[in-house]
1. Quick one: which residues, 5 or more positions from Tyr65 or on another chain, have an amide H under 5 Å from its amide H? H modelled 1.01 Å from N in the peptide plane, none for Pro or chain starts.
2. Just checking the chain: which Cys have no other cysteine's beta-carbon under 4.7 Å?
3. Collect residues whose amide H, placed 1.01 Å from N in the peptide plane, falls under 5 Å from the amide H of Leu97; neighbours closer than 5 in sequence don't count.
4. Compute log10 of I(q)/I(0) for the chain with the Debye formula, placing one identical point scatterer on every Cα and leaving out solvent, at q = 0.13, 0.15, 0.17 Å⁻¹, to two decimals.
5. Would you work out which of Ala163, Ser105, Gly116 lies farthest towards the positive end of the dipole of the chain? Charges go on Cβ: Lys and Arg +1, Asp and Glu -1.
6. Output ³J(HN,Hα) for the stretch 54-66: one whole-Hz value per residue in order, computed from phi by the Karplus curve 6.51 cos²θ - 1.76 cosθ + 1.60 with θ = phi - 60°, and x for Gly and Pro.
7. Between the stretch 106-132 and the stretch 162-179, what is the C-alpha centre distance in whole Å?
8. Using only alpha carbon pairs under 8 Å that are at least six residues apart, calculate the relative contact order of the stretch 3-186 and give it in whole percent.
Amino acid sequence: MNCELVFLAAGQAVRFGSDKRFARLASGELLWRASLNVYVSAGVSGHIIVGKGESDQFIQLPAGYNLHECAEAHKGMSASLNCGLQQVGAEFALVALADMPFLRSSTISSLLSAAGTSSGIKAIQPYYKQTAGHPKLLHRNLFADIAALRGDQGGSSVLRTLAARELLSLDVDDAGVLRDVDVPADMGSATH
């Protein structure tokens, strides 16, 4: 299956009180790096999207990852998402958030495997205990609809328009698909 990662790391995280992307987990690892390492472990490569002028803060990237500055990241998640999708040449984009280090790489493998065995699917969304989570796997046929989004809208609003046969809701045994970091108390310990 032809897939590239779109790793959204352009947000400033106002609720956290400082730039959470550079906060350190109990392991000492930076939050953004721990989140990216889930995808590295799963063997997915692709694009890291950061804000304008931030490239020098994201150093020593793993092989197979390209860094892209989004000049309009200040306009919200939809701008960063669109910037990332413009970089994708693959059939699918795996859209991930830089504040989710608690995911298991095996969950990523399950999403990719499901896409490879499901025809006609335009999106795959993981569910944990009947609640939709991240990351989301999006077919390139959805990219134009996502480009029309504005502000802090993500791809979920586009997914709600899909027919049941086009959206695969994949049940996973991984609470990490729901667990992001919004405030310092959310940091906890991350295991992959």
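No value in this document is a laboratory result; all are computed from the given coordinates. What you see is a predicted model, and the numbers here were worked out from it, not measured in a lab. Here Cβ is always computed from backbone atoms with ideal geometry, including for glycine, and neighbour counts include all displayed protein chains.
1. It is Gly46, by chain and number.
2. Cys3
3. Leu8
4. -0.63, -0.86, -1.13
5. Ala163
6. 9, 3, 5, 8, 10, 10, 6, 6, x, 4, x, 10, 10
7. 6 Å
8. 26 percent
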